Amino acid sequence: MRYPKAITDLIESFSRYPGIGPKTAERLALYTVNKIDKENVEKFMKALIDTKETLFKCPVCGNITDVDPCYICSDKTRELDILLVVEDARDVIIIEKMNRYRGKYHVLNGVISPIDGIGPEEINLKSLIQRLQDDKIKEVILGLNASI
Ligand SMILES: [Zn+2]
């Protein structure tokens, strides 16, 4: 006995997310089928599609944005000579919520990890070096987790 194709497709889709194993994916799929009404499924679908149609990485800092450049890069009230290098967009949100840092960011969108096949070319490193040569950066802060 197998699930209908719509459910196996949904299980497969949920399985692609980090931290979601096959059992959790199955539970989420069945929950969707049994507990989520069509209107909310359509809202979810629209939210998913919007992430692909309206969002992109800021060409200046690499943060996820829907405007070019992002709100932080275009904010003239921020300190232009301090650059905080972070791993991903979540770090920017966390630091911005603290409301203490007023400099600019550079989002690497990952870290170098040879074991995962991620080298310098796979992260937003080249544009960091370019910014350091072009912009008037006086201080660079590495806001990264301690790792090799
Ligand atoms: Zn930006």
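The numbers here are math on the coordinates, done by the rules we state, and not lab data. Just so we're clear, the structure is a prediction, and the values are computed from it rather than from any experiment. Here the Cβ is made from the backbone with ideal geometry for all residues, glycine too, and neighbour counts use every protein chain on show.
Quick one: which of 5/35; 43/126; 5/46; 38/97; 76/97; 57/138 span more than 26 angstrom between C-alpha atoms? Over 26 Å Cα-Cα: 43/126; 38/97. The simple Förster model, with R0 at 22 Å and r as the Cβ-Cβ distance, assigns residue 118 and residue 146 a FRET efficiency of 0.80. Under the classification rounded if a/c is under 1.5, otherwise prolate if a/b is larger than b/c and oblate if not, where does the stretch 5-53 fall, given a ≥ b ≥ c as square roots of the Cα gyration tensor eigenvalues? Since a/c reaches 1.5 but b/c is at least a/b, the shape of the stretch 5-53 is classed as oblate.
Calculate the dipole size of the chain relative to its Cα centre from +1 charges on Lys and Arg beta carbons and -1 charges on Asp and Glu beta carbons; express the result in debye to the nearest 20.
360
The stretch between residue 33 and residue 13 holds 5.8 nm of extra length on full extension. This uses 0.36 nm per residue minus the Cα-Cα distance. Each pair of Cα atoms in the stretch 1-132 enters the Kirkwood radius, and Stokes-Einstein at 10 °C and 1.306 mPa s then converts it into a translational diffusion coefficient of 90 µm²/s. Taking square-rooted eigenvalues a ≥ b ≥ c of the alpha carbon gyration tensor, is the stretch 78-148 rounded, prolate or oblate, where a/c under 1.5 means rounded and, failing that, a/b exceeding b/c means prolate? Since a/c reaches 1.5 but b/c is at least a/b, the shape of the stretch 78-148 is classed as oblate.
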